[in-house]
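Everything below concerns the one structure shown next.
The values are calculated or read from the model by the stated rules, or taken from the named source; none is laboratory data. Bear in mind that the values here come from a model prediction, so they are computed numbers and not experimental data. Here the Cβ positions follow ideal geometry from the backbone for every residue, glycine too, while neighbour counts run over all protein chains shown.
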Amino acid sequence: MEAMASNALSHKRALTTIHDVAEAAGVSIGTVSKALRGKGRLRDTTRERVRTTANRLGFRPNDLAHSLHRKRSLTVGLLSNDSYGRFSIPLLEGIQQTLGNAGMSVFLCNAFDDPERERQHVESLLAKRVDGVIVTSRRTDPRPPVDLGNVGVPLLYAFTRVDDRDSLNLVPDDFGGAHAAVTHLARLGRRRIAHITGPERFESARLRRKGYKAALIEHGLAPNPALVLMGPWSELWGHEAATRLLDANAGIDGVFCGSDQIARGVVDRLRERGVAVPRDVAVVGYDNWEVVAAATRPALTSIDMNLQELGREAGAELLAMIEGGHRTGTRKIPCKLVVRQSCGADTH
């Protein structure tokens, strides 16, 4: 009986209305509304009595009704298809830092590469009257634009992009990140630097390859196609690619890898073949995935895509768009080099 009574009481509190608060506080509904919104000319004692009563009864104002009044819901939708969370989670952290400071909440919706599910998420977000939408992905390749209809809700793309001149896209500077990695190796005196990266079809892999070649040329090193190997984004591929280079007696003294997983496979294979890292071959990865980079032996120097900063920038741009600002084009967020022991450089 006590459990039933407790459940009934909890249910009653969950359904507490503004009428209940007004009756318990001995004031009108209008006074309750003004007190809870901090509006109107009310005595401090009246305002405090209403707030105390509302808290005691567990009353929560109707946010949707308030949003209709102020024409803002103070919510934003984040539409993703990153089922692993590897890229969307740090991005979300940055977005929440910016939007949280503005008193806004973020709804995360994952479409899992299903266009129908994505459409349903869009309809749900619009029904919630979100103030804006950020679209992200697990890779930066172009994707179809998201259709929000004619509702006028601000929309931008972060860690993905669309080929639409009227859209705003924020992506990492993959060319610049690769350039920084190879420049670092060249300044350490490495002269035969290989590049092991992901599939040709990925835009990020192509941009990192271009950055690799550009840095070689700038440091007087001739690019050698035989030292560029493209394959899956996997540790196994790093292991296999390193084997190919060693069997070919390529004489490499440095390797720039397109991902930390690839780099870990490279480092493991070099060690198995008696090649010391970094004494004989220096290795730099990409992504700065700490669970991989810190566990590699030696710890892996890597390029960090600054995803939290990208998220903060996305949040700031969306706020500007919500306030009526017009934003278009593609902005590239600089990456940074995180130095650890795998390249033999001083980490201090």
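A few notes on this one:
- Residue check, SER137 surrounded by fewer than 20 Cβ atoms within 10 Å (Cβ to Cβ) and either not aliphatic (A, V, I, L, M) or not assigned by TED's automatic domain parsing to the domain that holds GLY285 (or both): no
- Per this entry, ILE196 is counted among residues that are more than 21 Å from the chain's Cα centre (by Cα) and either in the same structural domain as ARG86 (by TED's automatic domain parsing) or part of a strand (DSSP E or B) (or both).
- Among the residues of region 214-228, the ones that are buried (at least 19 other Cβ atoms within 10 Å of the Cβ) and either charged (D, E, K, R) or closer than 10 Å to ILE196 by Cβ (or both) come to 1 in all.
- Filtering VAL133, VAL171, VAL182 for residues that are of a type in the set (Val, Ile, Thr), part of a helix (DSSP H, G or I) and at pLDDT 95 or above leaves a single hit, VAL182.
- Listed by position, the helices (runs of 4 or more DSSP H) enclosed by region 250-348 that each have at least 2 residues that are under 19 Å from the mean Cα position of the chain (by Cα) and without any contact (Cβ under 8 Å) to a residue 40 or more places away in the chain are 290-293.
- Failed criterion for ALA241 (all others in (1) small (Gly, Ala, Ser); (2) at pLDDT below 95; (3) buried (at least 21 other Cβ atoms within 10 Å of the Cβ) hold): (2)
- Flag if ALA8 is aliphatic (A, V, I, L, M), out of contact with any Ser or Thr (no Cβ under 8 Å at 6 or more places or on another chain) and either at pLDDT below 80 or surrounded by 10 or more Cβ atoms within 10 Å (Cβ to Cβ) (or both): yes
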